[in-house]
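One structure is given below, encoded as structure tokens.
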Amino acid sequence: FPMCLGRVICKLLCSGEKEVDLAVQSAKAAFKIWSQLSGMERSRVLLEAARIIREQRDEIATLETINNGKSIFEARVDIDISWQCLEYYAGLAGSLAGEHIQLPGGSFGYTRREPLGVCAGIGAWNYPFQTACWKCAPALACGNAMVFKPSPFTPLSVVKLAEIFTEAGVPKGLFNVVQGGAATGQLLCHHPDIAKISFTGSVPTGSKIMEMAAKGIKPVTLELGGKSPLIIFSDCSLENAVNGALMANFLTQGEVCCNGTRVFVERKILDVFTKEVVKRTQKIKIGDPLLDDTRMGALINRPHLDRVQGFIKQAKEQGAEVLCGGDLFVPDDPKLKNGYYMRPCVLGKCTDDMTCVKEEIFGPVMSILPFDTEEEVVERANNTKFGLAGGVFTRDIQKAHRVVAALKAGMCFINNYNVSPVELPFGGYKSSGFGRENGRAAIEHYTQLKTVCVEMGDVESVF
């Protein structure tokens, strides 16, 4: 677990123009074979890949923990979601179909759902293996090939996924991995044989990818950042709301794009809620992520840890109160003393105009904000350029549905948070991107529709 020690795990060569082109040409050749299979034939291969992942769950989870620094407990959940994603799209592969439309005089039309070709997947470092599965499972189920570039901070586990697909029986090169940073990503985006780009990451990078894709008229799916609201009404189950707030802020060391980091609490329960959240946050076990009882591992790297600490320092300067955490954590184990650990932080006395409330921190930092009325909190919740997620805790079911209907966000939670079953579409509004991962919705993004019009009589000419 060198990442948690602050040491180099391994060294990889960045893929240049030659390597990217080789990967794309290899995927293009595999696509010709794969796209000609029936949905049921593709389904069987995807099910076999899912079976192998399930069988190797603990081994892959350990690799992911070394790769990313998250707790082994969480990594196992990520791997479970990954094989479930492959199983789900294997189930849909055999049912992909167009429709038949009856026209006058016995003529008819029909539509065909056809794959796009070679798709590019560009992943983030917070959920490396899971993000790769979320992108490649619908792509492959629909008959496409994929060239995937993981983040240079987490290059390892996606290579394992490529090996698993090969073992499961996909044509050689159908799922290819290239390594590198922005330059490698640019080569993928500009490559003439890439038909579509699916990107998970920051808003500025997403904007650049959209610009590059526009030059080649390539469709894109963008799953970008967030600064999501979590609204706690006084009629909630307090224990459930506290659990929800912890889940909404501290999974994967807070490095989650849909985290509910703006926690709006109805004023009449502000003190009791805050006290309980602080108590629970202080009990979170930080340390060696490979131990089963660890609940928070190390942040991704030193620059990111420094950035998160900078946000906390700025919050204090702007008048926020650090109620707990925010400082560096040094584990007892001397081997871990150079790891990138920090104590999860809760900020009180926050206001909507503070930087910590407006900008995505992407670390274990929760901002608590009081509110008085439903109308007020909905307006404040929506006052952001982001729109990835939002959550509501209340026992009033009418109010819950009313509030989520008013939230300008793509993924909303009622009395839970950060639950992402593969059956449900996932994606954002506004600057948080567009297109959807998961659910049937993803099928739309990995197929194109061909319409065929069949005349059963003579052509009536107007000439």
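The values are calculated or read from the model by the stated rules, or taken from the named source; none is laboratory data. Quick caveat: nothing in here was measured; it's all calculated off a predicted structure. We place every Cβ from the backbone using ideal geometry, glycine too, and count neighbours over all the protein chains shown. Accessible surface areas use protein heavy atoms only, side chains included; no ligands, DNA or RNA. Shrake-Rupley method; radii C 1.70, N 1.55, O 1.52, S 1.80 Å.
Which entries in Lys275/Lys316; Lys218/Lys450; Lys11/Lys70; Lys285/Lys399; Lys208/Lys358; Lys160/Lys196 show an alpha-carbon gap greater than 26 Å? Don't jump to the answer; show the numbers that get you there.
Numbers: Lys275/Lys316 19 Å; Lys218/Lys450 17 Å; Lys11/Lys70 21 Å; Lys285/Lys399 35 Å; Lys208/Lys358 22 Å; Lys160/Lys196 23 Å.
As for pairs spanning more than 26 Å Cα to Cα, those are Lys285/Lys399.
Just so you know, the Cα atoms of the chain work out to an Rg and Dmax of 23.6, 88 Å. Averaged over residues, the count of other Cβ atoms within 10 Å places the peptides 117-126, 138-147 in the sequence 138-147, 117-126, highest first. Kindly express, to the nearest 10 degrees and within the range 0 to 90, the angle between helix 128-141's C-alpha long axis and the longest C-alpha principal axis of the chain. It works out to around 20 degrees. Heavy-atom accessible surface of Lys149, to the nearest 10 Å², is about 10 Å², with a 1.4 Å probe and all protein chains retained. Sorting Met411, Met456 by accessible area puts them as Met456, Met411; the probe is 1.4 Å, largest comes first, and only protein heavy atoms count. Sorting Lys11, Lys285, Lys32, Lys218 by solvent-accessible area of protein heavy atoms yields Lys11, Lys32, Lys285, Lys218, largest first, with a 1.4 Å probe.
For Thr111, the accessible area of its heavy atoms, probed at 1.4 Å with every protein chain present, is near 20 square angstrom.
Less than 19 Å apart at the alpha-carbon level, and either on another chain or at least 8 residues along: which aspartates and glutamates does that give for Lys215? Within the straight-line limit of under 19 Å, Lys215 reaches these aspartates and glutamates: Glu17, Asp21, Asp193.
Cα centroid distance between the stretch 361-400 and the stretch 292-356, in Å? The stretch 361-400 and the stretch 292-356 have Cα centres separated by 22 Å.
Mean projection of the alpha-carbon convex hull of the stretch 229-414 over all orientations, in nm²? Intermediate results must be reported in sequence, preceding the final value.
Values: hull surface 40.7 nm².
Averaged projected hull area, Cα only: 10.2 nm².
Between helix 39-55 and the chain there is an angle of about 30 degrees, using the helix long axis and the longest principal axis of the Cα atoms.
Subtracting the Cα-Cα distance from 0.36 nm times the residue separation, let me have the gained length for Glu423 to Cys14 in nm, one decimal.
Details: separation 409, 0.36 × 409 = 147.24 nm, distance 3.49 nm.
Answer, rounded to one decimal: 143.8 nm.
Helix content alone sets the calculated 222 nm mean residue ellipticity of the chain: runs of n ≥ 4 DSSP H residues at -39500 (n - 2.57) each, divided across all residues, give -12500 deg cm²/dmol. Of Trp34, Trp83, the residue with the largest accessible area leads and the full order is Trp83, Trp34 (1.4 Å probe).
When only C-alpha pairs under 8 Å and at least 6 residues apart count, what is the relative contact order of the chain, in percent?
On the way: 1032 pairs, mean separation 90.0, N = 463.
Once normalised by length, the contact order is 19 percent.
FRET efficiency for the pair Asn382 and Val77, taken as 1/(1 + (r/R0)^6) with r the Cβ-Cβ distance and R0 = 30 Å, rounds to 0.45.
If you average the alpha carbon positions of the stretch 152-190 and of the stretch 4-56, how far apart do those two centres end up, in angstrom? Cα centroid to Cα centroid, the span is 5 Å. Does the stretch 17-224 classify as rounded, prolate or oblate by the C-alpha gyration tensor (a ≥ b ≥ c root eigenvalues; a/c under 1.5 gives rounded; else a/b over b/c gives prolate, otherwise oblate)? The shape class here is oblate. Between the Cα long axis of helix 57-68 and the first principal axis of the chain there is an angle of about 60°, rounded to the nearest 10. Our coupling estimate for the stretch 97-113, obtained by passing each phi through the Karplus curve with A = 6.51, B = -1.76, C = 1.60 and θ = phi - 60°, is 7, x, 9, 10, 10, 6, 10, x, x, x, 6, 7, x, 8, 10, 10, 8 Hz, Gly and Pro reported as x. A cut-off of 5 Å between modelled amide H atoms, ignoring neighbours fewer than 5 places along the same chain, links Phe148 with Gly121, Asn176, Val177, Val178. Translational diffusion of the stretch 118-242, estimated by Stokes-Einstein from the Kirkwood radius over alpha carbon pairs at 20 °C in a medium of 1.002 mPa s, is 136 µm² per second. In this rough spin-label picture, where each label sits 7 Å from Cα along the Cβ direction, the Lys337-Gln318 distance is 3.6 nm.
Please compute the length gained on full extension between Ala183 and Arg307, using 0.36 nm multiplied by the number of residues separating them and subtracting their Cα-Cα distance. Walk me through the numbers before you get to the answer.
Working: separation 124, 0.36 × 124 = 44.64 nm, distance 2.34 nm.
Result: 42.3 nm gained on full extension.
What length, rounded to one decimal in nm, is gained on full extension from Lys215 through to Glu455, with 0.36 nm per residue of separation minus their alpha-carbon distance? Please report the intermediate quantities before stating the final value.
On the way: separation 240, 0.36 × 240 = 86.40 nm, distance 3.75 nm.
Value of the extension gain: 82.7 nm.
Computed from backbone phi, the HN-Hα couplings of the stretch 433-443 come to x, 8, x, 10, 9, 6, x, 5, 4, 5, 4 Hz, rounded to whole numbers (Karplus: 6.51 cos²θ - 1.76 cosθ + 1.60, θ = phi - 60°; Gly and Pro given as x). Which one, Tyr429, Gly390, Ala405, is farthest towards the positive end of the dipole of the stretch 360-463 when Lys and Arg carry +1 and Asp and Glu -1 on their Cβ? The Cα lying farthest towards the positive end belongs to Gly390. Distance between the modelled labels on Thr166 and Asp353, one decimal in nanometres: 5.8 nm (7 Å Cα→Cβ projection). Among the protein heavy atoms, those of His100 account for about 120 Å² of accessible surface (1.4 Å probe, every chain in place).
From most to least packed by mean Cβ count within 10 Å, the peptides 386-394, 295-303 give 386-394, 295-303.
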